[in-house]
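Notes for the one structure printed next.
The values are calculated or read from the model by the stated rules, or taken from the named source; none is laboratory data. Worth saying up front: this structure is predicted, and the values here are computed from it rather than measured. Methodologically, a virtual Cβ is constructed for each residue, glycine included, from the backbone with ideal geometry; neighbour enumeration extends over all protein chains shown.
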Amino acid sequence: MYSKMRIYPFIEDFCHKAIVKESYESRLLRLRNALDRADYVVIGAGAGLSAAAGITYSGKRFTDNFTDFIAKYGLTDMYFSAFYPFKTEEERWTYWARHILMNRYNMLATDLYRLLLNAVKGKDYFVITTNVDGQFEKSGFDKERIFAVQGDYAYLQCADGCHEKLYYNENLVRKMVRQTTDCRIPSGLVPHCPVCGGKMDVHVRKDRYFVQDNQWYASYERYQDYMEKVCDGNVLLLELGVGYNTPTIIRFPFERLAAQRKNITLVRINKDYPDAQNRMTNWVSFDENIGSILSDIGT
């Protein structure tokens, strides 16, 4: 009997498998067939999906919106800027407020996520994602069918994780951005933990202090229950833009499942990492544009 899937399995030895590439039309047909016959669809989404949707952390989008930070600190992109050792909390929160506003609040539901929702319309689906930008919920996916493992930009937490409560931050973020002067916010806007009085942080998994509140655990249990249920039917694991930053959350578990069970098909769409480490016969790989593939499914 299929045992309940765990989020953090042991990592298997890395062994690159070459891809015998079929034509695009042949692979697209296999994807359509897998989707048509699927009783359950598990969407596994990584940073590559949001990047393909236009939520990029480098290039023009970064340089146009962080000109002052680039000039003052030499920042190169939004990913590495998140780890920059700002000297003061006023500077750190000025950066984060703009980062959150751009990627969480000012970025509306994107066409690509809506295409994805349309592709699984009428299907019994569940989403597991490492993205923290809220795009699934914004685009109309059922909130009860989303497990955002790595957090959400919309919340703050105690930096030391002294208690398991999150704080919605939109009003504060917008106020910080409005009152920014020379890459600094007023000291009175710097958030402090209401329990211990210490620093606050963005609710993004980056260290052992990441807060897993009641909602996080409820989402986790719904995902585990769903993965236990799917053993009774045909399953499509639709993996989108998942690389090797945190492969033990989605990429490796999806491969293990597809390698173990004939009723499970893995479709991996990844421009940079379309390969696999497990031997599988029931999988399809794409390195083409995600949006083009999702559009072509329905044509």
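Regarding S285, is this residue over 17 Å from A47 (Cα atoms), among the hydroxyl-bearing types (S, T, Y) and touching a Pro at 6+ places or on another chain (Cβ under 9 Å)? Considered against the rule, which asks whether it is over 17 Å from A47 (Cα atoms), among the hydroxyl-bearing types (S, T, Y) and touching a Pro at 6+ places or on another chain (Cβ under 9 Å), S285 comes out as yes. The residue that is farthest from R145 (Cα to Cα), among those in region 27-66 that are in contact with a helix residue (DSSP H, G or I) (Cβ under 9 Å, 6 or more places away or on another chain) and of a type in the set (S, T, N, Q), is T63. Yes or no: L240 in contact (Cβ under 8 Å) with a residue 12 or more places away in the chain, within 20 Å of E288 (Cα to Cα), assigned by TED's automatic domain parsing to the domain that holds F126 and among the hydrophobic types (A, V, I, L, M, F, W, C)? It is true that L240 is in contact (Cβ under 8 Å) with a residue 12 or more places away in the chain, within 20 Å of E288 (Cα to Cα), assigned by TED's automatic domain parsing to the domain that holds F126 and among the hydrophobic types (A, V, I, L, M, F, W, C). Only residues that are more than 24 Å from N103 (Cβ to Cβ) and in contact with a strand residue (DSSP E or B) (Cβ under 8 Å, 6 or more places away or on another chain) were counted in region 158-191, giving 1. A Cβ distance below 6 Å, combined with a sequence gap of six or more or placement on separate chains, defines the contacts here; from region 180-195, residues that are under 14 Å from E89 (Cβ atoms) reach residues that are part of a loop (DSSP other than H, G, I, E, B) in the pairs I185/Q179; P186/Q179. In the set E164, E137, only one residue is in contact (Cβ under 8 Å) with a residue 40 or more places away in the chain and of a type in the set (D, E, K, R); that residue is E164.
Residue-wise test of (1) in the same structural domain as E221 (by TED's automatic domain parsing); (2) modelled with pLDDT under 95; (3) within 30 Å of N263 (Cα to Cα).
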residue	(1), (2), (3)
Y2	no, yes, yes
A34	yes, no, yes
I43	yes, no, yes
N65	no, no, no
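Of all residues assigned to region 69-79, at least one qualifies as being closer than 30 Å to L294 by Cα, in the same structural domain as R184 (by TED's automatic domain parsing) and modelled with pLDDT under 95. Counting only strands (runs of 3 or more DSSP E) wholly contained in region 233-299, the ones carrying 3 or more residues that are among the β-branched types (V, I, T), on the phi < 0 side of the Ramachandran plot and surrounded by 22 or more Cβ atoms within 10 Å (Cβ to Cβ) occupy 264-269.
When restricted to residues that are under 16 Å from the mean Cα position of the chain (by Cα), of a type in the set (K, R) and crowded, with 19+ Cβ neighbours inside 10 Å, region 67-126 contains 1.
Got a sec? Which of Q215, Q224, Q179 is of a type in the set (S, T, N, Q) and closer than 28 Å to R268 by Cβ? Selected residue: Q224, the only one of Q215, Q224, Q179 that is of a type in the set (S, T, N, Q) and closer than 28 Å to R268 by Cβ.
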